[in-house]
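Here's the structure we're looking at; comments come further down.
The values are calculated or read from the model by the stated rules, or taken from the named source; none is laboratory data. Model, not experiment: these values are computed from the prediction. In this analysis, Cβ positions are derived from the backbone assuming ideal geometry, glycine residues included, and neighbour counts consider all displayed protein chains. Side chains included, ligands, DNA and RNA excluded: accessible areas come from the protein's heavy atoms. Shrake-Rupley method; radii C 1.70, N 1.55, O 1.52, S 1.80 Å.
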Amino acid sequence: MTVLEHVPDGEAEQIDHIVELTGEQLKRRYTNGPRFLRGVHPKDHGCVRARFAVHECLADDYQVGVFAEPGRQFDAWIRFSNAAPLVSPDSALSEAGAVGHGSRGMAVKLIGVSGSRLLPEDGELTQDFLMINQPVFAFANVEDYEALSRIILEDNENPKRFFAERIRRTPEGKPVMSDPTTQRAVRTAGIIERITNSKPSAYQPPPLSPLDNSYFGAAPFLFGEGRVMRFSAKPVSPMLGDVVEFVKNPNYLREALHKRLTEGEEIEFEFQVQVRSAESLAGAIVTEIEDACVDWDEEKHPFVTVARIFIPPQDCTTPERKELCERLSFSPWHGLLEHRPLGGINRLRRAVYEVSVRARAVSPEYSAPEY
Ligand code: HEM
């Protein structure tokens, strides 16, 4: 098998530590609450019924895993969410009137998938695609995520010390950019700044509804033996406009989703992949696979549409749908061997999502409820 990952020394122990910290954090947040919520992305905007249609004229090269059969259609569930670790307003206006942005999630679960699965013990076989609305993740690797997890537990959810501890400075106060730890922390600060502001440097404008941003897997996954993909979902006809008048409403995204799906037409996203061969990644595993802050140059590795996602008009605000949203569990490790998650951040996610799901007491049969 081609070697597509590079596991740093000590990573397994760091993962065990993060699992422990995550469990403690969840207990602290929710032991006295009505129920345990997800470790991150606890606030949903709605769970919607959808159809995932593999492209009918898919080139042979792309007929891999869930895309093996051109024209095949899967029923799917999609959960739209805010990534923030606590339930909070969707966006806020600063004193200067600028709209705060935010990281959002789109998690897609294909039902009725067949093939060889990644996790033998885990409920019905589905293929989950978890995405956020920026092309990179803010933390590069497990080492950094361990530091973050420790600090947010010790400092009551405040991540500030992560930067103070990891950015080494010259006596004049300039970051020492020859130090790799400093370099990564400076880059993480830059990514967070781009996620939270709404200036042109932001990855995307704040959306009018969850249906109006593009979403990205933000980490690499196998695309069959010896090839790797990054994936994305792009709305075909996003509505664009100023969100200033909406963001005063703390739940404007949930309300906008409901309005669009009850008053509008069917919504369509293109599901796209960037695919690279092991040869193209030779000598670059540490950056292009192991560092989740690095995306792939789109000019050299263009996104290709391999499927379409259709979301029909529907009411996603019923009590049953809301309960379903709490009960669903998505993981990058729910899926086919051909799409194995790659890189440190993905290796970490396998155990951490399980901690969150256990804390929420979600049983596996809810992973793929009746459609
Ligand atoms: C490429 C990076 C990542 C992406 C794209 C991503 C995306 C997502 C999305 C979209 C969800 C919401 C799923 C839902 O709606 O139920 C989610 C949930 C979650 N994520 Fe991530 N995530 C990433 C990295 C991480 C990391 C590094 C951790 C921590 C180690 C993490 C921990 C979690 C947890 C605990 C949940 C809730 C699981 C549950 O209870 O069902 N994620 N993630």
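For Met131, the residues whose modelled amide H falls within less than 5 Å of its own, excluding neighbours fewer than 5 places apart on the same chain, are Met106, Ala107, Val108. Taking every C-alpha pair closer than 8 Å and separated by at least 6 residues, the mean separation divided by the residue count of region 11-367 gives a relative contact order of 25 percent.
Multiplying the residue separation of Met177 and Thr287 by 0.36 nm and removing their Cα-Cα distance gives an extension gain of 37.9 nm. Per-residue 3J(HN,Hα) values for region 337-345, derived from phi via the Karplus relation 6.51 cos²θ - 1.76 cosθ + 1.60 with θ = phi - 60°, read 3, 5, 10, 4, x, 10, x, x, 4 Hz in sequence order (x marks Gly and Pro).
Average accessible surface for region 1-118: 48 Å² per residue, computed with a 1.4 Å probe over protein heavy atoms with every protein chain in place. Taking only protein heavy atoms and a 1.4 Å probe, the accessible area of the chain is 53% carbon and sulfur. For the chain, the cysteines with no partner cysteine C-beta closer than 4.7 Å are Cys57, Cys293, Cys316.
Remark: spin-label model distance Asp61-Ala278 equals 1.8 nm, labels positioned 7 Å along the Cα→Cβ axis. The simple spin-label model puts a point 7 Å past each Cα toward its Cβ; for Ser201 and Asp242 those points are separated by 2.3 nm.
Across every pair of non-identical alpha carbons in region 11-367, the mean reciprocal distance, once inverted, gives a Kirkwood radius of 21.1 Å.
Report the GluC sites (Glu not before Pro) located in region 253-309 that are in a DSSP loop and have at most 16 other Cβ atoms inside 10 Å of their Cβ, or state none. Within region 253-309, the qualifying GluC sites (Glu not before Pro) (loop, at most 16 other Cβ atoms within 10 Å) are Glu265, Glu266, Glu298, Glu299.
In the structure displayed, which of Lys160/Lys199; Lys234/Lys259; Lys174/Lys300; Lys43/Lys160; Lys160/Lys248 lie more than 32 Å apart, Cα to Cα? Correct reply: Lys174/Lys300. Looking at region 265-371, the accessible area is 44 square angstrom per residue; that uses a 1.4 Å probe and ignores ligands, DNA and RNA. Probing with 1.4 Å while keeping every protein chain in the model, the per residue accessible area of region 142-187 equals 59 Å². Think of the chain as having a plus end and a minus end, set by charges on the Cβ of Lys, Arg, Asp and Glu; of Tyr215, Cys47, Tyr62, Cys47 sits farthest toward the positive end of this dipole. Placing +1 on the Cβ of every Lys and Arg and -1 on the Cβ of every Asp and Glu, with no other charges, gives the chain a dipole of roughly 880 debye about its Cα centre.
Relative to the current alpha-carbon distance between Glu255 and Asp155, full extension at 0.36 nm per residue lengthens the span by 32.7 nm.
In a reduced charge model with +1 at each Lys and Arg Cβ and -1 at each Asp and Glu Cβ, region 123-196 shows a dipole moment near 460 debye about its Cα centre. A Förster distance of 35 Å, applied to the separation of the beta-carbon atoms of Glu13 and Glu225, puts the FRET efficiency at 0.70.
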